[in-house]
1. State to the nearest 20 debye the size of the charge dipole of the chain about its Cα centre, where the only charges are +1 on K and R beta carbons and -1 on D and E beta carbons.
2. Taking only C-alpha pairs under 8 Å that are 6+ residues apart, what is the relative contact order of the stretch 65-173 in percent?
3. So what are the stretch 93-338's ellipsoid semi-axes, whole angstrom, largest first, if each one is the square root of 5 times an eigenvalue of the alpha-carbon gyration tensor?
4. Using the heavy atoms of the protein chains and a 1.4 angstrom probe, tell me the accessible area per residue for the stretch 67-216 in square angstrom.
5. Relative contact order for the chain: what percent, with Cα pairs under 8 Å and sequence separation of 6 or more?
6. Provide the net charge surrounding Pro90, with neighbours chosen by a C-beta distance below 11 Å and charges set as Lys +1, Arg +1, Asp -1, Glu -1.
7. Does anything in the stretch 123-143 have its amide N under 19 Å from the 7 Å Cα→Cβ label point of Asp315, and if so which residues?
8. Have a look at the DSSP beta bridges in the chain and tell me what percent are antiparallel, nearest 5.
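The values are calculated or read from the model by the stated rules, or taken from the named source; none is laboratory data. None of these values were measured; they are calculated from a predicted model. Quick reminder, even Gly has a Cβ in these numbers, built from the backbone with ideal geometry, and neighbours come from all protein chains shown. All accessible areas refer to the heavy atoms of the entire protein, side chains included, with ligands and DNA or RNA removed. Shrake-Rupley method; radii C 1.70, N 1.55, O 1.52, S 1.80 Å.
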Amino acid sequence: MTDMRQKIPSVNALLESAEAAGLFEEIPRQVITSSIRSTLDAARVWGGTEPEGGWLAAVERDAHQWRKTSLRKVINATGVVLHTNLGRAPVSERAKQAVLDSLEYSTLELDIENGRRGSRQSHLKELLKEITGAEDALVTVNAASALLLAINSIAADRDTIISRGELVEIGGSFRLPEIINKSTSNLVEVGTTNRTHLKDYVLAIGDDTRCILKVHRSNFIQKGFVTEVDINELAALSSDGVEVIHDVGSGLLLSLDNFGLTGEPLVQDSVAAGATTIFSGDKLLGGPQAGIIVGKKTTISAIATNPMARAVRPDKATIAALEATLSAYRDQSTALREIPVLSMLTASPDEIAQRAQRLAELLPGASTMPGASSVGGGSFPESSLPTTLVAINPGSCEEMMRILRDNHPPIIARVLDDRIVFDVRTMKDDEFDQLAAVCS
Ligand SMILES: *Cc1c(COP(=O)(O)O)cnc(C)c1O
């Protein structure tokens, strides 16, 4: 082993051979030096063996990756539509195009009618008003910041009432008691874990009450001896001094009841009830990461003028993608066809079975079988959508999963009963050939 390590070349020797091979003409010297160091470090770990193809070739392989980004497109073959690790909602083609355009100079804060300064929120306000029926709207970077901002604007140093059944954690350290605390409002808990009644709220309202908060239990459900107060009854408790905020989570803007997906609150219902309504842009809405607040004009303007609003304002790419996504909602069938999250969730079992058959024919030794996709993203936690899976039986699932991940673009699949399964629900047709190329 000591003998082998003595054979490891020096950094300088490799730099010289790199120069002789003309590598500096393609790749910056600094990058090559760092590739030499990491190649040599890796070799020492393995006892100093010369890499396959020689030292310089290994350096070159590493250096050629220098512009490769770690955030990349992947093929989602998991069937989890809102996969948090894979960036939740993929946006529509129109939204992608709008993002590209927005990254040039744009009309972000220019009123093109009169050439004067405009507001970045203006691109979204009218659409959100039209679609949700609210008087006014404000967009932030995500729903967590929207909630923090709203409570801080309405109830700083005063009380926020919330049911003990809704003091929830929503993944990634988003905990309601902590959010209320950070908004500098005093948390007033009412009811019990499983049951909260209207009278619990009524009795808790006092001189210091500024906000009643209702939070959708996005990622779990309560069954059995449970009671919660409907948003219509709760919103009726709002008055001049007391706002009712409803954090509905996933931003469902059209009912999916007809597709067997029930239980998620519709944004429009909470708005109609009179609640200030908060939701995410990248869950069921199917757009970019964003937090959306809709409600009464006076409330939204109090929120918009809070200095904290500037700290959580959305960037131009978000606004562009959200505007393009929301515009599809002006017509339900356009939304269902154009927004990937909605079209994937509402795809018919027959259509999925046919697509699965087509994929299976491209993969050697593959077969189809019934299975279930899931919505993901903490929405419709109880629902599983019937699907047709395409299964392959490689020697080692672990090894095959690694090969799939190493592909460009990486392919993310599931292992089920010692087989690898692909769910076409979350795949595009043009990704079938790319998968076939890896599997054959
Ligand atoms: C997902 C969720 C949030 C957080 O939304 P982000 O946009 O990820 O910040 C807040 N509240 C509820 C009820 C949620 O479901």
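1. Roughly 500 debye, rounded to the nearest 20.
2. 8 percent
3. For the stretch 93-338, the ellipsoid semi-axes come out as 31, 21, 15 Å.
4. 52 Å²
5. With pairs under 8 Å counted, the relative contact order is 20 percent.
6. +2
7. Counting backbone N atoms under 19 Å from the label point, the list is 123-124, 139-143.
8. 55 percent
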